[in-house]
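Below is one structure, written out as structure tokens; comments come after it.
The values are calculated or read from the model by the stated rules, or taken from the named source; none is laboratory data. The structure displayed is predicted, hence computed values, not measured ones. Neighbour counts are summed over all protein chains in view; Cβ atoms, including those assigned to glycine, are modelled from backbone coordinates with ideal geometry. Please note that ligands, DNA and RNA were not included when accessible areas were found on the heavy atoms of the full protein model with its side chains. Shrake-Rupley method; radii C 1.70, N 1.55, O 1.52, S 1.80 Å.
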Amino acid sequence: NPYVGLVNHLRAAWLSGKTRPMEYRMAQLEALGRFLGEKKQDILEATALDMRKPPFEVELSEISICRSELNHTLNNLGTWMKDEHVEKNWATQLDSAFIRKEPYGVVLIIAPWNYPINLLLVPLIGAIAAGNCVVMKPSEISRNVERLVAEVLPRYLDKDCFAVVTADTQETTRLLETKFDYIFFTGTPSVGRVVMAAAAKYLTPVTLELGGKNPCYVSDSCNVQNVARRVAWGRFFNAGQTCVAPDYLLCSAEMQEKLLPALREAISEFYGPDPWDSPDFARIVGDKQFQRVQALLCSGRVAIGGQTDPETRYIAPTVLVDVQQDDPIMQEEIFGPILPILTVTSVDDAIAFINARERPLALYVFSSCKKVVNQVLEQTSSGGFCANDTIMHMTLTSLPFGGIGQSGLGRYHGRFSFATFSHLRSALLRGTGREALNTLRYPPYAPQRLPLLRTATEAKRHTTCTLL
């Protein structure tokens, strides 16, 4: 296996303790910041070549989010690294009990193509902050970003502790045959299963950031124009190639009639009379992906858009109506600029529809009624939840990001990234003296000692006082 030597080299560096000091971690994180600053133009050019991603979207979703994550980590790393002292029982009152946050060792990060900088560097920031050595595998589909990361990023990081591997599907399979101490994967559920199966061979812990069909319920009580703009922005950002984009709308037939002209107006406002000419609308990343998304246009009826151009991999911002539950577009994550609308009779009907399916990565609800928002929040389950907007919950480093069930396993962002890449090691430091106190637990056992031992070791329930 060509990767065993590389991983062994990184593991030797980790075992030497090189990555453990806070100063080392901070220096590597600062180097990442220099990469983002000095190579910003290269990042803009590479993402434009791969999928004609607008510079504004790259700045917002790739560079700014990474910089925010980096600054938040640098601001808090000293606090996160401190031992966490815990509550003690009577028997250990004179001892020291704490949780130490230790690195796992050599971590593998496999990144996807849709946000190739963000979804590689944000977990990398957490892995470095936690003191790990890292092998990074950028997606071969976004080949220009892959080349940039492989050629340039190693110049900024310690080559003894961090490496970039370029690999196709077959080579990635060989990479997964190597023993890692943690694997962080972002991609599809089908590949996530392959990663998890490979990790199981070594009992390697994993984080799987997958996807799914994110519902968006629009109640009858809302500002239709605001809903249309926020939904259109979230759905058509990056040409819909976003794992947390609203995947389909649920609303009443009456609300659909109001939403269609509002969505048409929002699309025209954002991208002009012909989005093909807009510099602010991206393209599908590859021919295979284009053909898959184009085939989904057969579902329902096109109400807005629907134009395609295979040569430039262009699919217009599209809204579908008269969509049925068993249509092809409702069987898989769309990952393209198509928004199907399905009608429901009530919020209860929408909740039942959502709960009959796999739990999504994100769930959205639009309503001016707090009761409706809270009902959807309380009666559904999803990785993340956002009311009266789309995607914006992703911008908060204080919120964990991750899926549940089919949409993923584990979470990251901010301190949650540090926690994900840290082994929580329990530690109890006792003195060598006071042996007389230990004789209660030694054989030969005496039943009369049990009450005292229970008092010394059992956690007690706090009593409550109820005022009548």
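Numerical summary
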{"item": "All positions within the stretch 315-363 that are more than 24 Å from the chain's Cα centre (by Cα), over 21 Å from Gln375 (Cβ atoms) and without any contact (Cβ under 8 Å) to a residue 40 or more places away in the chain", "result": "Thr318, Leu320, Asp322, Gln324, Gln325, Asp326, Asp327, Pro328"}
{"item": "Positions within the stretch 273-287 being assigned to a loop (DSSP other than H, G, I, E, B) and under 23 Å from Val321 (Cβ atoms), in sequence order", "result": "Pro273, Asp274, Phe281, Ile284"}
{"item": "Only listed residue being assigned to a strand (DSSP E or B) and assigned by the TED database to the domain that holds Lys82, chosen from Leu108, Leu120, Leu124", "result": "Leu108"}
{"item": "Test: Arg229 is within 27 Å of Pro310 (Cβ to Cβ) and within 29 Å of the chain's Cα centre (by Cα)", "result": "no"}
{"item": "Restricting the stretch 294-307 to residues that are over 18 Å from Leu250 (Cβ atoms) and in contact with a Ser or Thr (Cβ under 9 Å, 6 or more places away or on another chain), the residue that is most open to solvent (accessible area, probe 1.4 Å)", "result": "Gln307"}
{"item": "Selected residue [acidic (Asp, Glu) and over 19 Å from Ser61 (Cβ atoms)] from Asp287, Asp247, Asp280", "result": "Asp287"}
{"item": "Residues of the stretch 288-313 classified as touching a strand residue (DSSP E or B) at 6+ places or on another chain (Cβ under 8 Å), part of a loop (DSSP other than H, G, I, E, B) and within 12 Å of Pro337 (Cβ to Cβ), total", "result": "3"}
{"item": "Residue within the stretch 328-338 that is surrounded by 21 or more Cβ atoms within 10 Å (Cβ to Cβ), in the same structural domain as Ala303 (by the TED database), touching a Phe, Trp or Tyr at 6+ places or on another chain (Cβ under 7 Å) and closer than 22 Å to Gly300 by Cα present", "result": "yes"}
{"item": "Filter result for Arg434 (of a type in the set (D, E, K, R) and out of contact with any Asp or Glu (no Cβ under 8 Å at 6 or more places or on another chain))", "result": "yes"}
{"item": "Meets criteria (without any contact (Cβ under 8 Å) to a residue 40 or more places away in the chain and in a loop (DSSP other than H, G, I, E, B)) for Thr464", "result": "yes"}
{"item": "Filtered residues of the stretch 70-91 (kept if among the aliphatic types (A, V, I, L, M) and surrounded by 14 or more Cβ atoms within 10 Å (Cβ to Cβ))", "result": "Leu70, Leu74, Leu77, Met81, Ala91"}
{"item": "Among (1) under 20 Å from the mean Cα position of the chain (by Cα); (2) hydrophobic (A, V, I, L, M, F, W, C); (3) open to solvent by 10 Å² or more (accessible area, probe 1.4 Å) - the single one Val145 does not satisfy", "result": "(3)"}
{"item": "Hits in the stretch 156-175 (condition: closer than 19 Å to Ala13 by Cα and touching a residue at least 60 places away in the same chain (Cβ under 8 Å))", "result": "Tyr156, Leu157, Asp158, Asp160, Cys161, Phe162, Ala163, Val165"}
